[in-house]
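The values are calculated or read from the model by the stated rules, or taken from the named source; none is laboratory data. Keep in mind it's a predicted model, so treat the numbers as computed, not measured. Here the Cβ positions follow ideal geometry from the backbone for every residue, glycine too, while neighbour counts run over all protein chains shown. Accessible surface is based on the protein model in full, side chains and every heavy atom, while ligands, DNA and RNA are left aside. Shrake-Rupley method; radii C 1.70, N 1.55, O 1.52, S 1.80 Å.
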Amino acid sequence: MGRDMHPNAVLVIGLGRFGSTLAESLQRLGHDVVAVDTDRGLVQEWSGTLSHVVEADATSEVALRQLGADGFNRAVVSIGVDIEASLLATGTLLDLGVPEVWAKAITRQHGRILERIGASHVVYPERDAGERVAHLLSGRLIDFVEFDKGFAVAKLRAPGSICGATMDVARPRTRFGVTVVGVKRPGTEFTHVVADTVLDRDDLIIVTGHTDEVERFAATTGARPA
């Protein structure tokens, strides 16, 4: 099956809350998704929503070969509480030569083992969601997404520290280590920020940068304009 799939196809192993949400979202975004689970009930439940749902043991190399797992460029192991099954499935996918294997971890120790056996990316859904909520609860950020290695994208009200001057004068990159990439003025849509853009305190902005720098930048909300 895998060898005949589109290059953007993703193999998702495990149809728990995280895996099913991921598979459904990927399919909605236009990816071909093959979802695998050992639970017949879950397979039946999602067969009406997902294009390809298979009941199989993803810890078995034979089963994965029959699914054509070695023909996928990306796979996600989203097995829940069974750490042994998670490690076996991840290791088997790596042995089959899948170039990019993402894996869900339920503890830091689990995540460290996944990293050691070669998982490309380790995801901590509960921790990551908790960190995002914590940033939003701070009141300074309207939305916040953190990516690998502490890189974040955030939406917030324009801090006074960069308002009232063009971007080449305000110099957010030099002063705070963040890049302002978009602005939304009241009653308008988001547009790109350019060197001569002048921000106002009522503007919403999108910024990118390392997480700690985005946090420090957001803390300047009450600062005077540049």
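The residues of segment 75-108 that are in a loop (DSSP other than H, G, I, E, B), open to solvent by less than 20 Å² (accessible area, probe 1.4 Å) and within 19 Å of ASP39 (Cα to Cα) amount to a single one, SER78.
Among helices (runs of 4 or more DSSP H) entirely within segment 125-224, having at least 2 residues that are modelled with pLDDT of 90 or more and open to solvent by 80 Å² or more (accessible area, probe 1.4 Å) singles out 167-170, 172-176. With the requirement that a residue be over 16 Å from ALA165 (Cα atoms) and without any contact (Cβ under 8 Å) to a residue 60 or more places away in the chain, what does segment 190-210 give you? The answer is PHE190, THR191, HIS192, ILE206, VAL207, THR208, GLY209. Entry remark, segment 22-52: residues being surrounded by fewer than 19 Cβ atoms within 10 Å (Cβ to Cβ) and aliphatic (A, V, I, L, M) number 3 in total. The residues of segment 12-42 that are over 20 Å from THR59 (Cβ atoms), in contact (Cβ under 8 Å) with a residue 12 or more places away in the chain and part of a loop (DSSP other than H, G, I, E, B), listed by number, are GLY30, HIS31, ASP32.
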